[in-house]
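The values are calculated or read from the model by the stated rules, or taken from the named source; none is laboratory data. Just so we're clear, the structure is a prediction, and the values are computed from it rather than from any experiment. Neighbour counts run over all protein chains shown; Cβ positions are idealised from the backbone, glycine included.
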Amino acid sequence: MYQQIKREQTDMIKSEPSSLSWEVVQRLDSLKKVQKSFEELGNDNGNLSNLLAIMAAYRSGDLVWDENTVTYWAHGRMVAGPKKMVMKEFLALSQKDGPYGVWVEGMDAYKPQPMYLFLHMRSIFSSHATHEFTVSIRNPTTWRTNTLQHTMALSVMEDTGATAMKILQGDRRFLEALSGAPLPTYGSTTVSTAGGVVVVDNVVLQVNLFHDDQPMLPRWIEVRACINREPPNARPAGARLSGVWLHHMLYCLSLPDNTNAMYVGNDLSEMLANLPPCNPALARPPPTDPKIL
């Protein structure tokens with residue numbers, strides 16, 4: 001296995017100019033997989049010209065990999081950067097020159113990012129401590145005119161192993177029809193799954209927790225989400241995933257009470273004061289200390 005990985009790395013390096021850094025070589029390998037997906041499936045979100053221009057810029061040395069900055073591209077040319085990523089700037093560019101044909105290079109990692117994607121039973125088994133919650137999503141392009149009638153409520157698997165939220169192609173089509181505008185896209189990339197590397201399209205969503213038939217948080221959060229690139233009418237692969245935004249925004253607690261429940265809130269002291277009592281005597285396997293029993 002090690003020798004195979006070593007050969008793949010050597011072949012990857014030899015396929016590109018010798019002056020390029022290892023990070024750029026890996027990024028080009030990822031972009032070549034995206035290019036292949038564009039050619040096989042079409043529906044490139046207007047980004048083929050951006051993809052080819054970015055690859056040429058890397059190979060010429062005009063563009064280098066910097067994890068702290070991004071570059072903005074529209075219809076085959078760089079329009080801004082390198083600079084810090086600012087979501088408002090991207091959304092403004094998407095409204096001005098997009099939403100198709102807009103790409104933010106550097107927003108994704110230079111190599112495939114980890115993503116929990118595989119076919120599985122939809123049942124949520126408590127013995128596996130798997131959680132599911134409902135998220136409300138809307139289109140950032142039309143947020144000024146969005147109402148509850150322009151939002152979608154989706155059940156997602158709570159997965160901190162996913163570097164981005166994941167929705168399905170059908171979700172994207174429905175939300176775009178609901179809002180009357182395409183979702184902002186910022187390119188395509190590859191993600192690493194248990195079944196291998198998968199090519200995905202990247203979009204930006206506004207999300208909120210959905211509770212008691214309404215959005216729960218006082219403000220909507222802009223997050224990046226990925227969508228599997230699949231042939232038309234193909235059955236969706238894997239489940240919808242939450243990504244890490246919930247854990248970035250709120251406290252998420254669990255208890256050693258054998259319920260595998262997760263408690264979510266924004267006030268840690270209040271949460272600790274109101275958590276249900278935990279009885280160690282009910283632990284599985286049972287405690288061995290007679291003082292506990």
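Name the residue, out of Ala234, Ala181, Ala239, Ala225, that is touching a helix residue (DSSP H, G or I) at 6+ places or on another chain (Cβ under 6 Å), at pLDDT 80 or above and not acidic (Asp, Glu). Write out each step before concluding.
Values: Ala234 fails: touching a helix residue (DSSP H, G or I) at 6+ places or on another chain (Cβ under 6 Å); Ala239 fails: touching a helix residue (DSSP H, G or I) at 6+ places or on another chain (Cβ under 6 Å); Ala225 fails: touching a helix residue (DSSP H, G or I) at 6+ places or on another chain (Cβ under 6 Å).
Answer to the check: Ala181.
Which count do you get for residues in the stretch 99-124 that are modelled with pLDDT under 90, over 19 Å from the mean Cα position of the chain (by Cα) and among the small types (Gly, Ala, Ser)?
Number satisfying all stated conditions: 1.
Kindly list, by first and then second residue, each pair from a residue in the stretch 28-54 that is part of a loop (DSSP other than H, G, I, E, B) to a residue that is buried (at least 20 other Cβ atoms within 10 Å of the Cβ), limited to pairs with Cβ atoms under 7 Å and residues at least 6 apart or on different chains.
If the second residue must be buried (at least 20 other Cβ atoms within 10 Å of the Cβ), the pairs left are Asn45/Thr185; Asn45/Asp201; Asn47/Trp103; Asn47/Gly187; Asn47/Ser188.
For Asn68, indicate whether it is within 19 Å of Ala109 (Cα to Cα) and either modelled with pLDDT of 95 or more or not polar (S, T, N, Q) (or both).
Details: within 19 Å of Ala109 (Cα to Cα): yes; either modelled with pLDDT of 95 or more or not polar (S, T, N, Q) (or both): no.
It is false that Asn68 is within 19 Å of Ala109 (Cα to Cα) and either modelled with pLDDT of 95 or more or not polar (S, T, N, Q) (or both).
Out of Leu183, Leu175, report the one residue that is touching a residue at least 60 places away in the same chain (Cβ under 8 Å), within 22 Å of Lys96 (Cβ to Cβ) and surrounded by 22 or more Cβ atoms within 10 Å (Cβ to Cβ).
On the way: Leu175 fails: touching a residue at least 60 places away in the same chain (Cβ under 8 Å).
None of the others qualify; the one that does is Leu183.
Right, Leu209: assigned by the TED database to the domain that holds Leu168, part of a strand (DSSP E or B) and over 30 Å from Leu52 (Cα atoms) or not? Write out each step before concluding.
Numbers: assigned by the TED database to the domain that holds Leu168: yes; part of a strand (DSSP E or B): yes; over 30 Å from Leu52 (Cα atoms): yes.
Here the answer is yes, as Leu209 does meet what is asked.
Restricting attention to the stretch 30-42, report how many residues are of a type outside the set (Lys, Arg), surrounded by 13 or more Cβ atoms within 10 Å (Cβ to Cβ) and touching a Pro at 6+ places or on another chain (Cβ under 9 Å). Walk me through how you get there before you give the answer.
Here is the first cut: in the stretch 30-42, the ones of a type outside the set (Lys, Arg) are 30-31, 34-35, 37-42.
Still in the list and also surrounded by 13 or more Cβ atoms within 10 Å (Cβ to Cβ): 30-31, 34-35, 37-38, 41.
Keeping just the survivors that are touching a Pro at 6+ places or on another chain (Cβ under 9 Å) gives 30, 41.
Within the stretch 30-42, residues that are of a type outside the set (Lys, Arg), surrounded by 13 or more Cβ atoms within 10 Å (Cβ to Cβ) and touching a Pro at 6+ places or on another chain (Cβ under 9 Å) number 2.
Among (1) modelled with pLDDT under 95; (2) surrounded by fewer than 17 Cβ atoms within 10 Å (Cβ to Cβ), which single condition is Val24 missing?
So Val24 meets the others, but not (2).
Among the numbered conditions (1) farther than 20 Å from Ala162 by Cβ; (2) part of a strand (DSSP E or B); (3) among the basic types (Lys, Arg), tell me where Arg219 comes up short.
Tallying (1) farther than 20 Å from Ala162 by Cβ; (2) part of a strand (DSSP E or B); (3) among the basic types (Lys, Arg), Arg219 fails exactly one: (2).
If you take the residues of the stretch 211-227 that are on the phi < 0 side of the Ramachandran plot and over 19 Å from the mean Cα position of the chain (by Cα), which of them is surrounded by the most Cβ atoms within 10 Å (Cβ to Cβ)? Don't jump to the end; show me each part of the working.
So the first thing to find is which residues in the stretch 211-227 are on the phi < 0 side of the Ramachandran plot, and the list is 211, 214-227.
Of the ones still in play, those that are also over 19 Å from the mean Cα position of the chain (by Cα) are 211, 214-219.
Working: His211: 13, Gln214: 12, Pro215: 20, Met216: 13, Leu217: 15, Pro218: 7, Arg219: 8.
Among those residues, the one meeting the criterion is Pro215.
Any residue in the stretch 70-98 that is basic (Lys, Arg) sitting within a Cβ distance under 8 Å of a residue that is at pLDDT below 95? List the pairs, counting only those 6 or more apart or interchain.
Once the first residue is basic (Lys, Arg) and sits in the stretch 70-98, its partners that are at pLDDT below 95 give Lys84/Asn68.
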